[in-house]
Amino acid sequence: MLARVSLTLALVVLAAGPAQGAEAARFKGTTVSFRVEAGAVRDFALTANALCMIAGRGGYEIRVIPLEGAAKLDGDGRFTLAVDQKGTRASVTGRVAGAAAEGTFEVYFTKSVSSFDVMTRSQKFDIASCSAKAPWTAARQAS
């Protein structure tokens, strides 16, 4: 009887998954990676393919942006993370459900771009404004 109750309890804990238990689970997608531990999302990093505009012309830059801190999962596995530091603003919303996760992210940052001015024969610096907004998906990685 005790063994049967222990087995049932173990199955219930496993079914609850990492969102509810203390076991850590890693999730990885094409543009995001993070871990879920003790009911919170931690170590979230996103890879943004951002459009950077400067003086009427644009180009793309790929940048990995780590989001410090943790975000508690609500009862439905939803979470929100945000960062605003060092010229970078990013926000992430998502939902973890079993072995899958999905959501969206938005990121804005500036970067300094150097060029050579042929008229003055000197180096000049401009500031580019970069942004990206995209959906993301991730899957739980095997231990």
Name the single residue, out of those in segment 54-96 being on the phi < 0 side of the Ramachandran plot and not in a strand (DSSP E or B), that is surrounded by the most Cβ atoms within 10 Å (Cβ to Cβ). 73
Across (1) surrounded by 11 or more Cβ atoms within 10 Å (Cβ to Cβ); (2) at pLDDT below 75; (3) in contact with a strand residue (DSSP E or B) (Cβ under 9 Å, 6 or more places away or on another chain), residue 116 clears everything bar (1)
Test set (1) open to solvent by less than 50 Å² (accessible area, probe 1.4 Å); (2) modelled with pLDDT under 95; (3) farther than 27 Å from residue 23 by Cβ - residue 134 fails condition number: (2)
Unmet criterion (only one of (1) in a strand (DSSP E or B); (2) within 19 Å of residue 29 (Cα to Cα); (3) of a type in the set (Gly, Ala, Ser)) for residue 143: (1)
Of the residues in segment 1-45, those that are part of a loop (DSSP other than H, G, I, E, B), modelled with pLDDT of 95 or more and either charged (D, E, K, R) or more than 21 Å from the chain's Cα centre (by Cα) (or both) number 0
If we scan segment 105-113, do we find a residue that is part of a strand (DSSP E or B) and of a type in the set (Lys, Arg)? yes
If we keep only residues of segment 97-111 that are open to solvent by less than 10 Å² (accessible area, probe 1.4 Å) and modelled with pLDDT of 95 or more, then the residue farthest from residue 72 (Cα to Cα) is 107
Which of (1) open to solvent by less than 80 Å² (accessible area, probe 1.4 Å); (2) of a type in the set (A, V, I, L, M); (3) touching a Ser or Thr at 6+ places or on another chain (Cβ under 8 Å) does residue 127 not meet, given it meets every other one? (1)
Restricting the search to segment 30-53, which residues are open to solvent by 20 Å² or more (accessible area, probe 1.4 Å) and either β-branched (Val, Ile, Thr) or closer than 19 Å to residue 97 by Cβ (or both)? 30, 31, 33, 35, 37, 38, 42, 47
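The values are calculated or read from the model by the stated rules, or taken from the named source; none is laboratory data. Computed from a predicted model, the values in this text were never measured in an experiment. Because the Cβ atoms are built from the backbone with ideal geometry, glycine has one as well, and the counts that use them run over all protein chains shown. Areas reflect the complete protein model, heavy atoms only, side chains present, ligands, DNA and RNA absent. Shrake-Rupley method; radii C 1.70, N 1.55, O 1.52, S 1.80 Å.
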